[in-house]
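Have a look at the structure below, then the notes.
The numbers here are math on the coordinates, done by the rules we state, and not lab data. Values in this document were obtained by computation on a predicted structure and should not be read as measured data. Positions of Cβ are generated from backbone atoms using ideal geometry, with glycine treated the same way; all protein chains shown enter the neighbour counts.
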Amino acid sequence: MAALREIRHYQRATGLLMLPTPFRRLIREMVHEIEVDFRMQSMAADILQTAAEGFLVAVFTGMYIL
């Protein structure tokens, strides 16, 4: 019962699913491997997170096949 309630909650939610700080840290680590001196606007990080979450939701719901 609790799992179904949680699923319904996240289906109605419009906000981001992942916390922004760890996601930005991950982006920073990945980019640092390619280029050491790199700066990113906060809006670009927000857009990357939105796109990544959209992709993951599509994969997990079966709408996108790898």
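One-quarter of the Cα convex hull surface for the chain, in nm²? Could you put the intermediate results ahead of the total?
Numbers: hull surface 23.7 nm².
Taking a quarter of the hull surface, the average projection is 5.9 nm².
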Based on DSSP H runs of at least 4 residues, each adding -39500 (n - 2.57), what is the mean residue ellipticity at 222 nm of the chain after dividing by all its residues, to the nearest 500 deg cm²/dmol? -22500 deg cm²/dmol
Report, in degrees rounded to the nearest 10, the 0 to 90 angle that the Cα long axis of helix 42-60 makes with the longest principal axis of the chain. 40 degrees
Measure nothing fancy, just the Cα-based angle from helix 2-12's long axis to the longest principal axis of the chain, in degrees from 0 to 90, nearest 10. 60 degrees
Within the chain, what's the longest run with no chymotrypsin sites (Phe, Trp or Tyr not before Pro) in a DSSP loop and at most 15 other beta-carbon atoms within 10 Å? Give the range, please. 1-37
